[in-house]
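Okay, here's the structure, questions in a sec.
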Amino acid sequence: MPELPEVETVMRGLQARLQGHRIVHAEARRADLRWPIPPGLVARLTGARVIGFRRRGKYILMRLEDGDSVLLHLGMSGRIVLTPHRPNAATPHEHLVLETDEGWRVGFVDPRRFGAIDLIPTAREDQHRLLAALGPEPLDDAFDAATLSAALAGKRTPIKAALLDQSVVAGLGNIYVCEALFRAGISPRRLAHTVAGARAARLVPAIKATLQEAIAAGGSSLRDYVQPDGELGYFQHAWKVYGREGEPCEHCPGPPVCHGISRIVQSGRSTFYCKRTQR
Ligand SMILES: [Zn+2]
């Protein structure tokens, strides 16, 4: 499931080919994904110039001239494929297709259909029902230790679950929460309300650095943020704890001091961490 760095990388890939360009053809192949696709979307897109992009949490907003934005969410399995135009190049599960004045073809592919596409006035992006309740952007300066402690005050859930709550901070998912907690030396089991003071002051920069490194990896490993097969945004990145149960922990000297990365299950999702350094 794409998290903030993957979504940012997808957005930059779209930006590289679409910004400043006109959409000469648009086609919706279904009436709905997770929710209905707005009936007027294709007409609004056809002939429109793309003037900018914005990411909010895991959502991409593609801004059109004349004041509308297309909201895209990749859901669980969504991906965007960008290719030079080839007639009849349809991919299975491709639900929305755009073609630009330069001949680039953009396909929104989503086999499980948990993704979303919507059309909203740009001036009211933040009031969209999917965006209105989102917490702060983790990379904004406004997201600091005081903001985070205030959001966690009174929360008796584990910090792992609290950070997955998109109203506490936007855009984090299972992978980057595990990575940020490892970097900050905070146990995923610690009760959220106890992450204040020095712990919150360690966690905020750990979240920012984890995301920034992943975004940088996405940019540097891909040409224009595009895979050789045209898929946007997914890149190879080496996790320090995620998916590494039993492997040596880079913060510890090894057995008998630390037996490597542990895996536990919290709220039905795997958590990876070092029991020795994360308290
Ligand atoms: Zn360790």
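The values are calculated or read from the model by the stated rules, or taken from the named source; none is laboratory data. For clarity, every value in this text was computed on a predicted model and none was experimentally measured. For neighbour counting, all protein chains shown are included, and Cβ atoms are generated from backbone atoms with ideal geometry for every residue, glycine included. Accessible surface is based on the protein model in full, side chains and every heavy atom, while ligands, DNA and RNA are left aside. Shrake-Rupley method; radii C 1.70, N 1.55, O 1.52, S 1.80 Å.
I'm trying to understand the selection: among the residues of region 215-264, which are of a type in the set (A, V, I, L, M) and either closer than 26 Å to residue 78 by Cβ or in contact with a Phe, Trp or Tyr (Cβ under 8 Å, 6 or more places away or on another chain) (or both)?
Within region 215-264, 215, 216, 217, 222, 226, 232, 238, 241, 261, 264 meet the criteria.
What are the residues in region 38-68 that are in contact with a Phe, Trp or Tyr (Cβ under 9 Å, 6 or more places away or on another chain) and among the basic types (Lys, Arg), if any?
63
Let me ask another. Within region 16-50, track down each residue that is modelled with pLDDT of 95 or more, open to solvent by 50 Å² or more (accessible area, probe 1.4 Å) and part of a helix (DSSP H, G or I).
Across region 16-50, the qualifying residues are 43, 44.
Considering every residue within region 78-91, establish whether at least one is touching a residue at least 24 places away in the same chain (Cβ under 8 Å) and under 14 Å from residue 45 (Cα atoms).
no
Another question, then. Report, ordered by the first and then the second residue, all pairs with beta carbons closer than 6 Å, sequence separation of six or more or different chains, a first member in region 147-172 that is under 12 Å from residue 204 (Cβ atoms), and a second member that is surrounded by fewer than 18 Cβ atoms within 10 Å (Cβ to Cβ) and of a type in the set (Gly, Ala, Ser).
Matching pairs, first to second residue: 149/196.
Take the residues in region 260-279 that are hydrophobic (A, V, I, L, M, F, W, C) and either within 15 Å of the ligand (Cβ to nearest atom) or at positive phi (or both); name whichever of them is nearest to the chain's Cα centre (by Cα).
272
Still on this structure, please answer the following. Residue under question is residue 237, and the condition is that it be within 14 Å of the ligand (Cβ to nearest atom) and either open to solvent by 70 Å² or more (accessible area, probe 1.4 Å) or in contact with a helix residue (DSSP H, G or I) (Cβ under 9 Å, 6 or more places away or on another chain) (or both); does it hold?
Spelling it out, it is not the case that residue 237 is within 14 Å of the ligand (Cβ to nearest atom) and either open to solvent by 70 Å² or more (accessible area, probe 1.4 Å) or in contact with a helix residue (DSSP H, G or I) (Cβ under 9 Å, 6 or more places away or on another chain) (or both).
More than 16 Å from the ligand (Cβ to nearest atom), more than 15 Å from residue 6 (Cβ to Cβ) and open to solvent by less than 70 Å² (accessible area, probe 1.4 Å): which single residue out of 192, 184 fits that description?
Of the residues listed, the single one that is more than 16 Å from the ligand (Cβ to nearest atom), more than 15 Å from residue 6 (Cβ to Cβ) and open to solvent by less than 70 Å² (accessible area, probe 1.4 Å) is 192.
Also, quick follow-up: Name every residue in region 121-161 that is over 20 Å from the mean Cα position of the chain (by Cα) and farther than 28 Å from residue 179 by Cα, in order of residue number.
Residues satisfying the conditions are 121, 122, 123, 124.
For a quick check of your reading of the model, give me the residue pairs whose first member lies in region 252-279 and is part of a loop (DSSP other than H, G, I, E, B) and open to solvent by less than 20 Å² (accessible area, probe 1.4 Å), whose second is within 14 Å of the ligand (Cβ to nearest atom) and hydroxyl-bearing (Ser, Thr, Tyr), with beta-carbon atoms closer than 6 Å and at least 6 apart or on different chains.
278/187
Quick check on my filter: what residues within region 178-207 are assigned to a helix (DSSP H, G or I), more than 20 Å from residue 236 (Cβ to Cβ) and among the aliphatic types (A, V, I, L, M)?
181, 184, 192, 198, 200, 201, 203, 204, 206, 207
Here's something else I'd like to know. Which one is surrounded by the fewest Cβ atoms within 10 Å (Cβ to Cβ) among residues in region 195-204 that are under 21 Å from residue 275 (Cα atoms) and not aliphatic (A, V, I, L, M)?
Per the stated criteria, the residue is 202.
Look at residue 123 and say whether it is under 19 Å from residue 44 (Cα atoms), small (Gly, Ala, Ser) and surrounded by fewer than 21 Cβ atoms within 10 Å (Cβ to Cβ).
Criteria met by residue 123.
All but one of (1) within 17 Å of the chain's Cα centre (by Cα); (2) surrounded by 15 or more Cβ atoms within 10 Å (Cβ to Cβ) hold for residue 216; state the number of the condition that does not hold.
Here residue 216 clears every test but (2).
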